[in-house]
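Participant: Before anything else, here's the structure in question.
The values are calculated or read from the model by the stated rules, or taken from the named source; none is laboratory data. Predicted model only: the values in this text are computed from it and were never measured. We place every Cβ from the backbone using ideal geometry, glycine too, and count neighbours over all the protein chains shown.
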Amino acid sequence: MSRLLVFQHVAAEPLGTLDPLIRRRGHRIRFKNFERHPEAQLNVDRYRGLIVLGGPMNVDEQPQRAHLRNEARAIEAMLKQGKPVLGICLGAQLLAHVLGAAVPRNKVKEIGWYPLHKTEAGSTDPVLAPLTATTPVFQWHGCRFDMPQTAVHLARSDDCEQQAFRYGDNAYGFQFHLEMDERLIERWLANPAYREELADAGLPHDEHAIRAHTRQHIAAMQLQAEAVFNNFLDLVGRPQRRHTLPSREWV
């Protein structure tokens, strides 16, 4: 049976629209939930691929959060085994960190909708190609990653030069959140900690503007996101035997 490993840091940041796409492929999803089990030990040998989700913590919090060190070792093991890895937001920062790149604070926080500009390499990338040359995407981050050596720079925004990269043929880091739907964005806007971060960020837009931008942009982003995620899942491959409703496994 084909299984995908997913690192989830907080309940508020799930797979989102990626979940049904993975299910339709017939993969079993194995979650490592670090909010529930911060000391979970990680063995990646039995998995076909790895997805590392976002979270409100930062890579430099490893002394206080042992799971970040464990995750870094697991990501490194996946890369050595040549298996597909997708890092989203914090997950992208962890992937860049494992590859030796710095993960500093960004000059401003990006929270809400921002135009994403593909690089020339991004336009022909096997995974990111379905995104239009410039497209609005949802963001929520205060840190960023530097570009790892030998990685391919795939996208940028006006306030954050490093938005996406590919390492090798099948490891990707996305600073932005293609997995969002309107319900999940509302969930974040209702979360007290996230609301406080937005209020303190000093941005020219508030939650009401984010809601308006969501209504304007969400459908187009989701359509492109489905194509992008399916391209990544093509790297994982399909199970030998398809299952109608793969189960979710929590530890």
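Participant: Counting only residues that are touching a residue at least 12 places away in the same chain (Cβ under 8 Å) and over 18 Å from Phe174 (Cβ atoms), which one in region 58-71 is nearest to the chain's Cα centre (by Cα)?
Facilitator: Our first condition is that a residue be touching a residue at least 12 places away in the same chain (Cβ under 8 Å); within region 58-71, this holds for 58-60, 65-68, 70-71.
Of the ones still in play, those that are also over 18 Å from Phe174 (Cβ atoms) are 60, 65-68, 70.
Details: Asp60: 18, Arg65: 19, Ala66: 20, His67: 17, Leu68: 15, Asn70: 18 Å.
This residue is Leu68.
Participant: On to the next question. Could you tell me which of the residues Leu15, Leu50 is modelled with pLDDT of 95 or more, buried (at least 21 other Cβ atoms within 10 Å of the Cβ), of a type in the set (A, V, I, L, M, F, W, C) and part of a loop (DSSP other than H, G, I, E, B)? Show your work before the answer.
Facilitator: Details: Leu50 fails: part of a loop (DSSP other than H, G, I, E, B).
Going through Leu15, Leu50 in turn, just one is modelled with pLDDT of 95 or more, buried (at least 21 other Cβ atoms within 10 Å of the Cβ), of a type in the set (A, V, I, L, M, F, W, C) and part of a loop (DSSP other than H, G, I, E, B): Leu15.
Participant: I want to confirm something. Restricting to region 53-78 and keeping residues that are among the hydrophobic types (A, V, I, L, M, F, W, C) and surrounded by fewer than 19 Cβ atoms within 10 Å (Cβ to Cβ), which single residue is nearest to Arg105 (Cα to Cα)? If you could, list the steps in order and put the result at the bottom.
Facilitator: Applying the first criterion (among the hydrophobic types (A, V, I, L, M, F, W, C)) to region 53-78 yields 53, 57, 59, 66, 68, 72, 74-75, 77-78.
Restricting the remaining residues to those that are surrounded by fewer than 19 Cβ atoms within 10 Å (Cβ to Cβ) gives 57, 66, 72, 77.
Values: Met57: 12, Ala66: 21, Ala72: 19, Ala77: 27 Å.
The qualifying residue nearest to Arg105 (Cα to Cα) is Met57.
Participant: Would you be able to tell me the number of residues in region 105-123 that are outside any helix (DSSP H, G or I) and farther than 28 Å from Glu207 by Cβ?
Facilitator: Start the filter on region 105-123 by keeping residues that are outside any helix (DSSP H, G or I), which leaves 105-119.
Remaining after also requiring farther than 28 Å from Glu207 by Cβ: 118-119.
Adding up the residues that qualify gives 2.
Participant: Checking the condition under 16 Å from the mean Cα position of the chain (by Cα), part of a loop (DSSP other than H, G, I, E, B) and surrounded by 14 or more Cβ atoms within 10 Å (Cβ to Cβ), which residue from Phe145, Phe138, Phe165 passes? I'd like the intermediate steps shown before the answer.
Facilitator: Details: Phe138 fails: part of a loop (DSSP other than H, G, I, E, B); Phe165 fails: part of a loop (DSSP other than H, G, I, E, B).
Residue meeting the stated conditions: Phe145.
Participant: State all residues of region 148-162 that are within 19 Å of Val108 (Cβ to Cβ) and surrounded by fewer than 19 Cβ atoms within 10 Å (Cβ to Cβ); if no residue qualifies, say none.
Facilitator: The initial filter retains those residues of region 148-162 that are within 19 Å of Val108 (Cβ to Cβ), namely 155-162.
Scanning region 148-162 gives Arg156, Asp158, Asp159, Glu161.
Participant: Let me ask something additional. Suppose we filter region 55-102 for residues that are assigned to a helix (DSSP H, G or I) and hydrophobic (A, V, I, L, M, F, W, C); how many remain? Even if it seems obvious, please write down each step before you answer.
Facilitator: Residues of region 55-102 assigned to a helix (DSSP H, G or I): 59-61, 66-80, 90-98.
Narrowing the set further to residues that are hydrophobic (A, V, I, L, M, F, W, C) leaves 59, 66, 68, 72, 74-75, 77-79, 90, 92, 94-96, 98.
The total comes to 15.
Participant: When only residues in region 175-192 that are in contact with a helix residue (DSSP H, G or I) (Cβ under 6 Å, 6 or more places away or on another chain), assigned to a loop (DSSP other than H, G, I, E, B) and of a type outside the set (A, V, I, L, M, F, W, C) count, which is surrounded by the fewest Cβ atoms within 10 Å (Cβ to Cβ)?
Facilitator: Let us first name the residues in region 175-192 that are in contact with a helix residue (DSSP H, G or I) (Cβ under 6 Å, 6 or more places away or on another chain), namely 175, 178-179, 182, 185, 188-189.
Checking which are assigned to a loop (DSSP other than H, G, I, E, B) leaves us with 175, 178-179.
Pick out the ones that are also of a type outside the set (A, V, I, L, M, F, W, C) and you get 175, 179.
Values: Gln175: 31, Glu179: 25.
Filtering region 175-192 for residues that are in contact with a helix residue (DSSP H, G or I) (Cβ under 6 Å, 6 or more places away or on another chain), assigned to a loop (DSSP other than H, G, I, E, B) and of a type outside the set (A, V, I, L, M, F, W, C), the one surrounded by the fewest Cβ atoms within 10 Å (Cβ to Cβ) comes out as Glu179.
Participant: What are the pairs with Cβ atoms under 8 angstrom where one residue, in region 224-238, is within 23 Å of His117 (Cα to Cα) and the other, located anywhere, is hydroxyl-bearing (Ser, Thr, Tyr)? Sequence gap at least six, or different chains.
Facilitator: Correct list of pairs: Gln224/Thr132; Gln224/Thr135; Ala225/Thr17; Glu226/Thr17; Phe229/Thr17; Phe232/Tyr172.
Participant: Looking at (1) over 26 Å from Asn231 (Cα atoms); (2) out of contact with any helix residue (DSSP H, G or I) (no Cβ under 9 Å at 6 or more places or on another chain), can you tell me which one Leu68 breaks?
Facilitator: All conditions pass for Leu68, except number (2).
Participant: Among the numbered criteria (1) modelled with pLDDT of 95 or more; (2) closer than 30 Å to Gln81 by Cβ; (3) outside any strand (DSSP E or B), which one does Tyr172 miss?
Facilitator: (3)
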